[in-house]
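Just below is one structure, and these are the notes that go with it.
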Amino acid sequence: MGACLRALRAILLLAGFYLLALVILGALVGIDIAVWTRGVHLASIKLTVVLALLGFPILRGVFTFGTGGGDTVPGLPVTEAGQPELWRTVRGLAEQSGTRAPDEILLTGEVNAAVAEDARLLGLVPGRRRLFLGVPLLAGLTEPQLHSVIAHELGHYGNSDTRLAGITRRGRDCVGRTVEAFKEREEQRIGKERSRQEQAAAKALRKGRRPRRISTKNAGLGYRLMARPFQVYARFYLRATSSVGRQQELAADLIAAKVAGRDATASALRRTAVLDAVQDFYLNSYATMGVSAGLLPPRGEVFGGLRHLLADPRRRMNLAELHTTLPPAEATPYDSHPPVAERVRLIEALPDDGRTADGARPALALLRDTERVLAEVESAVLTPEALALERVTWQELVHRAMYAQAQEAAQPLRSALAAAGMAVDTAPADSAPAELAALLDAADAGQLWLVADRLPKSPEAARATGRAAREFLRPALEAGDAAAGPAGPGGAPRRPLAAVLVRPGPPDAAREQRLAGPGRPGGSPGGSGTGGHRRHPGHHPPAHPSRALTRPPRNRPDHRRPLYP
Amino acid sequence: MTAVIPFTILVLMLIFWLRNKRRAARAATLAVRAGADLLPPERQRTDRAFADPSTEAVLTAAAQGDWQPAARALAMAGTDWERRSHLVDALAGQAAKEDSWLRAWQAACPEDPAAAVVHAAAKVSLAWEIRGSARAAGTTREQFAGFHRLLGEARQDFARAQALAPPDDPTPYIAQIPLHKGLGAPHEAMRQLWAEVTARAPYHYAAHRSALQYWCAKWRGSAELAQDFAARAAAVAPPGSLLTMLPIISWFEHNSDAPDKAYGWPEMRTLTETALRDLAAADPGHPGLAEARHLLAYCLTRQGSHAAALEQFRQVDGFVGALPWHYYTDPAKVFCAYRERALRGALIAQHAN
């Protein structure tokens with residue numbers, strides 16, 4: 001089957017989805033009319049409400065969701081007047097890719113570039129086009145590599161051979177969204193039902209009865225029933241069109257290679273995969289290290305700091321290693337993307353076009369007024385809470401964040417020492433050495449368990465008495481562990497008992513020796529993780545720091561996400 | 001004329017209603033009088049299934065640090081394996097709370113097989129105490145960590161206890177069954193252990209009771225495996241061994257939400273009648289007898305055999321630390337509620353005749 005035929009089939013299938021929605025809506029309206037013609041009852045009013053509730057997600061999914069992708073990912077819009085080089089580049093790339101240029105360019109804080117279009121009517125009618133460009137991507141790619149990425153994204157819309165496939169792609173988006181809408185509603189229902197049953201169970205327990213097991217099997221049943229035909233159809237549709245999707249990715253890769261060069265395209269693919277991991281690491285270990293202490297790096301550095309990390313000579317060596325290994329493929333029948341390794345292999349098999357990817361300047365150079373733009377992206381992307389945090393220099397951030405963490409981590413042990421009557425709970429600056437001495441004395445006297453007994457405990461450990469209570473203390477004692485406390489869900493990393501009492505020096509005196517400034521080896525975020533810069537073992541950054549900081553995206557126009565889970 | 005018929009019906013209904021009401025009122029006063037010797041919930045002991053003064057004395061001495069009564073009681077039990085298991089269980093429970101006496105015992109008699117098996121069994125009790133009795137979802141990581149650490153230690157303790165014990169003593173094997181349950185031992189390992197047990201004590205009630213838990217769906221088996229195990233044991237058991245209770249326990253474990261009606265089905269009636277005969281034939285000093293009475297009392301009440309149920313209730317009143325009551329948050333309250341139901345039912349039946 002040729003590409004054109006396959007795309008045609010995809011359109012027919014999409015129309016079937018539309019038809020399914022109409023049939024179901026028609027059935028709902030039909031039932032309602034049939035009831036009303038028999039006379040007005042309270043029951044018929046009730047039924048109308050129920051039917052309307054059931055029909056609403058379909059209407060939303062089919063008719064309005066097709067226009068989705070409006071204000072999806074928060075980003076900083078840049079004007080042609082403000083960034084003429086960037087716009088010129090994008091326009092040029094659009095022309096070479098054979099499609100129209102985007103109407104808007106937005107800078108985001110993600111390692112991603114995407115083109116989204118507010119297409120209407122299941123994607124059959126084109127709409128306003130937006131290009132989302134992640135600042136970290138600009139920081140990590142060279143100019144030709146960025147060209148390749150943008151050309152790939154635009155290529156999805158422009159390749160005349162696969163024009164029909166472009167419709168497929170929008171259709172896949174719409175189908176995915178409709179099913180999502182059903183799932184969202186269903187989860188809301190299940191959540192409500194669960195909390196209701198939990199209350200009932202607690203009541204039963206108070207009355208001394210055996211509580212019923214909580215089951216949400218029947219919750220959201222109406223929506224599930226309603227969603228079932230769509231889910232089945234969507235699964236069928238996504239499976240049937242995934243070959244078109246994959247083929248189209250490869251076609252877009254070819255366009256990118258044609259526009260930006262073979263080597264730049266291959267290296268951009270490798271590089272993006274690595275950048276994803278590096279950005280995660282950077283946000284976890286550096287950008288958000290001070291959040292719990294109420295601190296952020298200087299304006300522009302939250303996303304711009306990645307530059308320093310990438311520029312560090314020792315980091316560069318690590319990164320070079322990462323480049324050679326590509327992430328393993330996630331094999332799902334719905335993923336529209338072929339595995340990255342496969343794409344790279346195909347691109348590298350193209351004939352050499354003589355263009356080299358080396359020696360080009362970083363893509364960030366495309367931006368005018370880089371520092372100001374980086375700062376503005378933060379204002380557009382970060383949550384109001386994050387924006388309200390205090391901004392300090394990198395040196396100060398590291399020092400104060402670590403100090404706050406050490407303080408916080410030492411607090412349970414200090415309180416335990418005080419509660420055991422072994423030390424006076426006073427200001428930390430004066431008592432640390434005395435407390436350490438008291439702790440070591442307790443260890444010598446075999447009385448450490450008295451301290452361990454006063455460390456924070458889980459409710460279960462606190463309830464235990466006699467031998468069981470001692471068994472609960474044992475892990476903390478044997479590990480010589482202060483921060484054990486109630487073990488966190490992930491099994492909290494532990495630190496030696498004494499380490500948490502050592503104060504990291506007075507705030508101003510030794511700082512300059514301990515902490516080098518950014519740019520200097522070992523001092524910037526590019527530091528290799530020695531000395532004071534290493535992420536403190538007891539530090540638990542949020543699992544998704546970027547999500548904790550940035551405004552949550554809605555329906556992100558990131559087609560790398562599988563449409564259907 | 002036509003008005004007479006409905007009027008008569010109405011009058012008759014009123015008469016029957018009044019009679020029933022008077023009967024109920026009389027039954028209530030009778031119940032109070034008949035139940036005068038029964039204890040209220042606050043006087044029910046939740047830690048024991050029956051009055052056991054000799055074991056009680058041994059435990060009190062142990063709590064005060066004296067291990068010698070424990071050693072003497074175990075020596076006196078001799079080859080009464082039911083009694084020995086019962087004592088080891090009780091002592092292990094005590095040692096799980098506080099074990100200074102056990103350490104003193106082991107220091108005095110390092111090679112004592114009885115001390116060794118109590119030590120090993122206590123590890124398992126302690127592990128369960130740390131784990132708590134909630135389902136896996138309600139158990140924290142910390143609890144599981146402690147549980148598995150102690151069970152790992154217990155495995156070695158059992159190996160030692162088995163090496164020290166006389167070759168015909170099943171106790172260290174029986175006490176190891178809960179360890180298999182906790183560690184999730186494969187069926188093959190359980191069958192090997194079971195062969196060791198039955199080679200030494202083929203009709204041991206506590207052993208069967210413990211192994212049945214392993215075969216239950218909530219542990220390592222299924223409703224079918226448990227039922228199969230119970231039926232086989234009950235089929236070959238000599239009268240008085242109490243093994244006829246196993247099918248009832250298995251059924252109860254897998255049908256906790258069964259309605260009263262289900263207890264009246266012929267299969268269930270046969271099971272309870274067989275069990276009642278078995279109980280009558282049992283040695284009155286059998287340590288498992290009380291628990292059998294507790295569960296039978298429950299089943300008979302729900303079956304509507306109130307008089308028979310009441311008879312069992314009277315023999316164990318004052319102690320509620322047994323199946324099925326300890327599955328409830330307030331065992332004493334539930335026990336008394338069922339006992340009351342049996343009492344009233346029995347009185348109504350008596351007066352109806």
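FYI, it's all coordinate maths here, none of it is from the lab. Predicted model only: the values in this text are computed from it and were never measured. Cβ coordinates were reconstructed from backbone atoms using ideal geometry, including for glycine residues, and neighbour counts include every protein chain displayed.
A few points about this structure:
- Pairs of Cα atoms nearer than 8 Å and 6+ residues apart set the relative contact order; for the stretch B:44-201 it is 20 percent.
- Inter-part distance, the stretch B:124-194 to the stretch A:343-385, computed on C-alpha centroids, equals 60 Å.
- Shape of the stretch B:112-264, Cα gyration tensor, a/c cut at 1.5: oblate
- Candidates B:R135, B:R232, B:R269: whichever shows maximal mean-square fluctuation once chain B is modelled as a Gaussian network with Cα springs under 10 Å: B:R135
- Listed cross-link partners A:K183/B:K218; A:K192/B:K333; A:K457/B:K181; A:K457/B:K218; B:K181/B:K333; B:K97/B:K181 are compared with a 26 Å cut-off, the Cα-Cα value being larger for A:K183/B:K218; A:K192/B:K333; A:K457/B:K181; A:K457/B:K218; B:K181/B:K333.
- Other protein chain Cβ atoms within 10 Å, averaged over every residue that makes up B:139-152: 4
- Relative contact order [Cα under 8 Å, 6+ residues apart], chain B, whole percent: 19
- Diffusion coefficient of the stretch B:44-201 by Stokes-Einstein, Kirkwood radius over Cα pairs, 20 °C, 1.002 mPa s: 133 µm²/s.
- Coarse-grained scattering of the stretch B:305-349 at q = 0.34 Å⁻¹, given as base-10 log I(q)/I(0) from a Debye sum over alpha-carbon atoms: -1.20
- Classification of the stretch B:166-212 by its C-alpha gyration tensor yields a prolate form. The axis ratio a/c (a ≥ b ≥ c) is 1.5 or more, and a/b outweighs b/c.
- When the inverse distances between all different Cα atoms of the stretch B:1-118 are averaged and flipped, the Kirkwood radius reads 19.0 angstrom.
- Choice from B:A115, B:A159, B:A226 showing the highest fluctuation, given a GNM over chain B with Cα pairs closer than 10 Å: B:A159
- Of B:A233, B:V197, B:H254, farthest towards positive along the dipole that unit charges on Lys, Arg, Asp, Glu beta carbons give the stretch B:180-302: B:V197
- Listed residues B:Q143, B:Q162, B:Q303, most fluctuating in chain B (Gaussian network, C-alpha, under 10 Å): B:Q143
- In this entry, the stretch B:276-335 is assigned a mean projected area of 4.0 nm², taken as a quarter of its C-alpha convex hull surface.
- Rounded to the nearest 20, the size of the Cβ-charge dipole of chain B about its Cα centre is 1440 debye, with Lys and Arg at +1 and Asp and Glu at -1.
- Across q = 0.16 Å⁻¹, chain B modelled as identical point scatterers on its alpha-carbon atoms has Debye log10 I(q)/I(0) values of -1.51, in the order of the q list.
- Within 10 Å of each Cβ in A:467-473, the average number of Cβ atoms from other chains: 6
- Nearest 10 degrees, 0 to 90: helix B:53-63 Cα axis against chain B principal axis: 50
- The stretch B:104-173: translational diffusion in µm²/s, Stokes-Einstein, Kirkwood Rh over Cα pairs, 4 °C, 1.567 mPa s: 100
- Ascending count of other beta-carbon atoms within 10 Å, so fewest first, for B:Y298, A:Y157, B:Y203: B:Y203, A:Y157, B:Y298
- Under a model in which nothing but the beta-carbon of Lys, Arg (+1) and Asp, Glu (-1) is charged, the stretch B:204-353 shows a dipole of about 160 debye around its Cα centre.
- Convex hull volume per residue, computed on the Cα atoms of the stretch B:212-353, equals 113 Å³.
- Between the helical axis of B:306-316 and the longest alpha-carbon principal axis of chain B there is an angle of about 40 degrees.
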